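Enquirer: Below you will find the structure I want to go over with you.
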Amino acid sequence: MATFRKRKNKGSIPFPKSLRSHKAPMYPAQLEDADGAPIVRPRRSRGIYLLPNAFTTAALFCGFYAIVMAMNLKFDHASIAIFVAMVLDSLDGRVARMTNTQSEFGAQYDSLSDMVSFGAAPALVVYEWSLRGMGKLGWLAAFVYCVGGALRLARFNTNIAVVDKRYFQGLPSPAAAALVAGFIWLMDDLRFAGTDLSWASWVITLYAGITMVTNVPFYSFKDINFRKPVPFIAALLVVVALVAISSDPSKVLFGLFVLYGVSGYIVYAWRKIKGKPVSIVQTEHEEK
């Protein structure tokens, strides 16, 4: 008896084995641009750069160390730690630019570190050293400084593409911290008790806190190109500055930052004389 082969349905199309699963595909369809070329989505790196963030962490450690030393009544150690944090804070950004390791994480981490080292730490140190005995006036002055540092950092981060790069808008938070910590360091070296200088500390703390949120321009030194050759006298001036600072650090550093702390108002007065519109307090929103 003859056998017949079973006829195949001509309308049936073989289904690939790889697509016979009833599960949904793991990845969405490949996106294409206007020319039909596939769009490759770059993978976001979840790592962080170690070198610049190590400097930022060291600056944060110095700010925390200053608070601990103030609680232990070692105010000279606390003041020196704030100055060391200033040096480290000035290095992390430069190291990131030199090594091409800038990142949004590093910028945000640096702002948080600055808030601790130059916002909370100086306020708590000066409160423990001198303002505690003034009661409500004392801790309110420390709070004005602390919130001034927070507002200063927030405005700097949002207006970084708006303001003139040659000038800071308001007193920089490291310089404000140097005014407060430098005063404490100097008076401690001269064997003055903080309780005897309560009003002086109160005035300096308020001045530093309020000046941080003003619109007064302070020279930023960002237009100085350290890669260009300089006259020989510049090297000699650097040596003289280092010798002067090492001879009596507390007096020289505090004097330098006092001069810088009032320089903004001198620039403001000069602009007023020249007829350039400058307001001490920003009253209008600045648009890019």
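The values are calculated or read from the model by the stated rules, or taken from the named source; none is laboratory data. Quantities reported herein were computed from a predicted structural model and do not represent experimental measurements. Please note: Cβ atoms are built from the backbone with ideal geometry, for glycine as well, and neighbour counts cover all protein chains shown.
Enquirer: Going by the structure shown, is residue 73 in a helix (DSSP H, G or I), in contact (Cβ under 8 Å) with a residue 24 or more places away in the chain and hydrophobic (A, V, I, L, M, F, W, C)?
Expert: In short, no.
Enquirer: Being at pLDDT 85 or above and either farther than 25 Å from residue 122 by Cα or out of contact with any Ser or Thr (no Cβ under 7 Å at 6 or more places or on another chain) (or both) is the filter here; which residues of region 209-224 pass it?
Expert: 209, 210, 211, 213, 214, 216, 217 - these are the residues of region 209-224 that are at pLDDT 85 or above and either farther than 25 Å from residue 122 by Cα or out of contact with any Ser or Thr (no Cβ under 7 Å at 6 or more places or on another chain) (or both).
Enquirer: I've got another one for you. Specify which of the listed residues (191, 227) is basic (Lys, Arg) and under 23 Å from residue 123 (Cα atoms).
Expert: Criteria check complete, one pass: 191.
Enquirer: Within region 121-143, does at least one residue satisfy the condition of being closer than 17 Å to residue 218 by Cα and either among the β-branched types (Val, Ile, Thr) or under 15 Å from the mean Cα position of the chain (by Cα) (or both)?
Expert: no
Enquirer: Given the condition in contact with a Lys or Arg (Cβ under 7 Å, 6 or more places away or on another chain), under 19 Å from residue 263 (Cβ atoms) and of a type in the set (A, V, I, L, M), answer yes or no: does some residue in region 218-237 qualify?
Expert: no
Enquirer: Test each condition in (1) in contact with a helix residue (DSSP H, G or I) (Cβ under 6 Å, 6 or more places away or on another chain); (2) modelled with pLDDT of 80 or more for residue 274 and report the one that comes out false.
Expert: Among (1) in contact with a helix residue (DSSP H, G or I) (Cβ under 6 Å, 6 or more places away or on another chain); (2) modelled with pLDDT of 80 or more, residue 274 violates only (1).
Enquirer: Counting only residues that are not aliphatic (A, V, I, L, M), give me the helices (runs of 4 or more DSSP H) lying completely in region 113-223 with at least 2 of them. Steps first, answer last, please.
Expert: Working: elements: 121-126, 136-158, 173-189, 198-212.
Once the helices (runs of 4 or more DSSP H) in region 113-223 are filtered for at least 2 residues that are not aliphatic (A, V, I, L, M), what remains is 136-158, 173-189, 198-212.
Enquirer: Pick from 259, 237, 206, 253: which is closer than 28 Å to residue 98 by Cα, at pLDDT 90 or above and of a type in the set (A, V, I, L, M, F, W, C)?
Expert: Working: 259 fails: closer than 28 Å to residue 98 by Cα; 237 fails: at pLDDT 90 or above; 206 fails: closer than 28 Å to residue 98 by Cα.
Answer to the check: 253.
Enquirer: Filter region 77-98 for residues that are surrounded by fewer than 16 Cβ atoms within 10 Å (Cβ to Cβ) and within 17 Å of residue 179 (Cβ to Cβ); which is nearest to the chain's Cα centre (by Cα)?
Expert: 90
Enquirer: What's the total number of residues in region 207-240 that are of a type in the set (S, T, N, Q), surrounded by 20 or more Cβ atoms within 10 Å (Cβ to Cβ) and either farther than 19 Å from residue 144 by Cβ or without any contact (Cβ under 8 Å) to a residue 12 or more places away in the chain (or both)?
Expert: Adding up the residues that qualify gives 0.
Enquirer: Considering every residue within region 176-185, establish whether at least one is without any contact (Cβ under 8 Å) to a residue 40 or more places away in the chain, under 17 Å from residue 110 (Cα atoms) and small (Gly, Ala, Ser).
Expert: no
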